[in-house]
Amino acid sequence: MFNKMWKNKEKDALLTKEDVLSHPIPNHVAIIMDGNGRWAKKRALPRVAGHYEGMQVVRKITRFANELGVRVLSLYAFSTENWKRPKSEVDYLMKLPEQFLTTFLPELVAENVKVQVIGRTDELPDHTRQAVRRAIHETSGNTGLILNFALNYGSRAEITAAVQQIAKDVQRGALAPGDITESLISSYLMTGGLDDPDLLIRTSGEIRLSNFMLWQLAYTEFWFTDVLWPDFTEQHFLQAIAAYQQRDRRFGGVSAR
């Protein structure tokens, strides 16, 4: 029934919030926000213009995800590999969290959104760290959507650090080798305390994970689109969720359908 509805919607009309709210909403949505530079290049604009437009989309999609009842929205904002970009671009990218969190913070507080960050924040510029700390502090009591920014984040580095800490805890006798389970490893990751993503969205037509949540995405449903991040709309978000709702999530078992 839902598959038929979705096909008709694809052909005849846009999806509405009511269409997807009549089915289970993914608890945790992760997004690799890609295509800002290409968006700017297509318009003969500097790359930073694409990053600025992308920031506006973050605000829009955060608000919409909260309206839909998504519990966690993880956004890949800056990877450990992004430091290789031109210094002028990196400097601008380091200012974006400050701009975004400063202007959007009153709305985040009012909408009961809790800000969280994963990544090596100690390596960020002081002004970026201060903006992040302020947003985390001022939203710490909120109980709604968790807005989880991956900032200076790399999954292999995250897993390596977790293994190193587990080894240290075994060495000092706090853990025995037999205590090491999948759930224990998960608890040592930067996402400890969060459920793994149910849905991963990647924009811009690239079909790879780019060192993002390699452990956590083991059973996540993927949705790829050619749309560049600055052009990503609430309708695209609804399409991703509708596609997720059609998936048969077996987790290695037998289909119940």
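Ligands, DNA and RNA aside, D122 has an accessible area near 120 Å² when probed at 1.4 Å.
Entry note, the chain: relative contact order of 27 percent, from Cα contacts under 8 Å with a spacing of 6+ residues. 3J(HN,Hα) along segment 74-86: 9, 10, 7, 8, 7, 8, 5, 7, 5, 5, 6, 6, x Hz, from the Karplus curve 6.51 cos²θ - 1.76 cosθ + 1.60 with θ = phi - 60°, whole Hz, x for Gly and Pro.
What does the extension gain come out to for Q171 and I136, with contour length at 0.36 nm per residue minus their alpha carbon separation? All intermediate terms of the calculation are to be shown ahead of the outcome.
On the way: separation 35, 0.36 × 35 = 12.60 nm, distance 3.33 nm.
Length gained, Q171 through I136: 9.3 nm.
Looking at the square roots a ≥ b ≥ c of the eigenvalues of the Cα gyration tensor of segment 200-250, which shape do they give, rounded for a/c under 1.5, prolate if a/b is larger than b/c, or oblate? Oblate is the answer for segment 200-250, as a/c is 1.5 or above yet b/c matches or exceeds a/b.
Charges were assigned to the Cβ only: +1 to each Lys and Arg, -1 to each Asp and Glu. The resulting dipole of segment 76-122 about its Cα centre is roughly 180 debye. Ordering V109, I32, T62 by Cα displacement along the dipole of the chain toward the positive end leaves I32 in first place; charges were set at the Cβ atoms of Lys, Arg (+1) and Asp, Glu (-1).
Given only helices, namely DSSP H runs of n ≥ 4 each adding -39500 (n - 2.57), what is the per-residue ellipticity at 222 nm of the chain, to the nearest 500 deg cm²/dmol? If you can, show how the numbers build up before the last one.
Values: 9 runs with 119 residues, N = 257.
Calculated from helices alone, the mean residue ellipticity at 222 nm is -14500 deg cm²/dmol.
Give me the net charge for the shell around S140: Cβ to Cβ below 13 angstrom, other residues only, Lys and Arg +1, Asp and Glu -1. Within the 13 Å Cβ shell, the charges total +2.
Tell me, what is the per residue accessible area of the chain in Å², probe radius 1.4 Å? Could you put the intermediate results ahead of the total?
Values: 13080 Å² over 257 residues.
Ligands and nucleic acids excluded, the result is 51 Å² per residue.
Structure note, pairs K84/K114; K17/K114; K84/K168; K87/K114; K42/K87: Cα-Cα distances above 25 angstrom occur for K84/K114; K84/K168; K87/K114. What separates the Cα centres of segment 113-133 and segment 160-238 is a distance of 19 Å. A cut-off of 5 Å between modelled amide H atoms, ignoring neighbours fewer than 5 places along the same chain, links E221 with L199, L200. When a 1.4 Å probe is rolled over the protein heavy atoms, the share of accessible surface on segment 1-153 that falls to carbon and sulfur comes to 52 percent. Once the GluC sites (Glu not before Pro) in DSSP loops with at most 14 neighbouring Cβ atoms within 10 Å are cut out of the chain, the longest remaining piece is 82-205.
The values are calculated or read from the model by the stated rules, or taken from the named source; none is laboratory data. These numbers come from a predicted model, not from an experiment. For neighbour counting, all protein chains shown are included, and Cβ atoms are generated from backbone atoms with ideal geometry for every residue, glycine included. With ligands, DNA and RNA removed, areas are computed over all heavy atoms of the protein, side chains included. Shrake-Rupley method; radii C 1.70, N 1.55, O 1.52, S 1.80 Å.
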